[in-house]
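Colleague: Let me begin by handing over the structure; questions about it come next.
The values are calculated or read from the model by the stated rules, or taken from the named source; none is laboratory data. Quick caveat, the model's predicted, so the values are computed rather than measured. With ideal geometry, Cβ positions are generated from the backbone for all residues, glycine too; neighbour counts draw on all protein chains shown.
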């Protein structure tokens, strides 16, 4: 069953989107769409402790030529946060695939930011018929590329977290200290439960421990674009070139930007993405 709840917030502006709740067997998934319905489909998957809102500034640059679909992964944003369901990466990918099926999408270029890129890879493994191409934005290829935090904690140590804990956790998502993090993104951490926060973080680590992403992608034969902010403080930007193990992969480093170029400089992030999708997106007949 699909229940419509009207429009959704897009960067505080008037960019119209259609949003809905998709009731899946193991939890409700929030979905929003923008752009022409007959345009090539572009699925955007957010990273850990984030939501569809992380794409708000980028979406208006994409909807002129794409049907842009965003989902809140289970445990995040406006999707359900059950304590008795799996948050493993393959299960998150399966739900994304079911969401596209429910929306009548047969082919999509899938874009993932950070751990959302891990989900995108898993979706391509499960549904090669559905995923025509992949774009990964600051998605670490393997755990050896991870930059250990200065403190032992990788996230808030109490729940609910304090404002200072959230800001400290989120600060490494940007290229410089003092970046004004959008308050709505801080709210996305607060709306998670401690269980969903910790379990989704562990799920990404577990998936990368099993096999590095370039090894997974090399056998899929899917067109691949890797966009990486060169000043990433969570993943070594030089690790982006590990993806060159994937035949035909294109790697774009963005100087002066950090882990979240889609927020720090949407136009510079959109440019290589649009050039890539112009070649690899499939238009609806």
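Colleague: Which one of 34, 64 is in contact (Cβ under 8 Å) with a residue 12 or more places away in the chain, surrounded by fewer than 19 Cβ atoms within 10 Å (Cβ to Cβ) and farther than 25 Å from residue 168 by Cα?
Modeller: After ruling out the rest, the residue left standing is 64.
Colleague: Here is a follow-up. Under 7 Å between Cβ atoms, at least 6 apart or on separate chains: pull out the pairs that start in segment 232-258 with a residue that is at negative phi and part of a helix (DSSP H, G or I) and end on any residue that is surrounded by 21 or more Cβ atoms within 10 Å (Cβ to Cβ) and modelled with pLDDT under 95.
Modeller: Correct list of pairs: empty, since none qualify.
Colleague: Under 7 Å between Cβ atoms, at least 6 apart or on separate chains: pull out the pairs that start in segment 162-189 with a residue that is over 22 Å from residue 75 (Cβ atoms) and end on any residue that is part of a loop (DSSP other than H, G, I, E, B) and modelled with pLDDT of 85 or more.
Modeller: Once the first residue is over 22 Å from residue 75 (Cβ atoms) and sits in segment 162-189, its partners that are part of a loop (DSSP other than H, G, I, E, B) and modelled with pLDDT of 85 or more give 174/258; 174/259; 174/260; 175/231; 175/256; 175/257; 175/258.
Colleague: Here's another thing I want to ask about it. Please go through segment 95-116 and give me each residue that is out of contact with any strand residue (DSSP E or B) (no Cβ under 7 Å at 6 or more places or on another chain) and either closer than 18 Å to residue 185 by Cβ or surrounded by 19 or more Cβ atoms within 10 Å (Cβ to Cβ) (or both), ordered by number.
Modeller: Within segment 95-116, 97, 114, 115 meet the criteria.
Colleague: Would you be able to tell me the number of residues in segment 41-57 that are surrounded by 22 or more Cβ atoms within 10 Å (Cβ to Cβ), assigned to a loop (DSSP other than H, G, I, E, B) and over 9 Å from the mean Cα position of the chain (by Cα)?
Modeller: Here the count works out to 2.
Colleague: Being crowded, with 19+ Cβ neighbours inside 10 Å, on the phi < 0 side of the Ramachandran plot and more than 11 Å from the chain's Cα centre (by Cα) is the requirement here; does residue 119 meet it?
Modeller: Criteria not met by residue 119.
Colleague: Of everything in segment 145-161, what is at pLDDT 85 or above and farther than 13 Å from residue 49 by Cβ? Give them in sequence order.
Modeller: Passing the criteria: 145, 146, 147.
Colleague: Ok, one more. Just to be sure I understand, how many residues within segment 16-28 are in a strand (DSSP E or B) and in contact with a strand residue (DSSP E or B) (Cβ under 8 Å, 6 or more places away or on another chain)?
Modeller: Residues flagged as in a strand (DSSP E or B) and in contact with a strand residue (DSSP E or B) (Cβ under 8 Å, 6 or more places away or on another chain) within segment 16-28 amount to 7.
Colleague: Here's a follow-up. Could you please give the count of residues in segment 161-209 that are part of a loop (DSSP other than H, G, I, E, B), out of contact with any helix residue (DSSP H, G or I) (no Cβ under 6 Å at 6 or more places or on another chain) and surrounded by fewer than 20 Cβ atoms within 10 Å (Cβ to Cβ)?
Modeller: Looking only at that region, the number is 10.
Colleague: Moving on to the next point. Assess whether residue 254 counts as being buried (at least 17 other Cβ atoms within 10 Å of the Cβ) and over 22 Å from residue 142 (Cβ atoms).
Modeller: Taking the combined requirement at face value, the residue does not satisfy it.
Colleague: From 105, 98, 31, which residue is modelled with pLDDT of 95 or more, within 23 Å of residue 196 (Cα to Cα) and either more than 15 Å from the chain's Cα centre (by Cα) or part of a helix (DSSP H, G or I) (or both)?
Modeller: Just one listed residue meets the conditions, 98.
Colleague: How many residues, within segment 68-80, are over 20 Å from residue 40 (Cα atoms) and touching a strand residue (DSSP E or B) at 6+ places or on another chain (Cβ under 8 Å)?
Modeller: Qualifying residue count for the region: 7.
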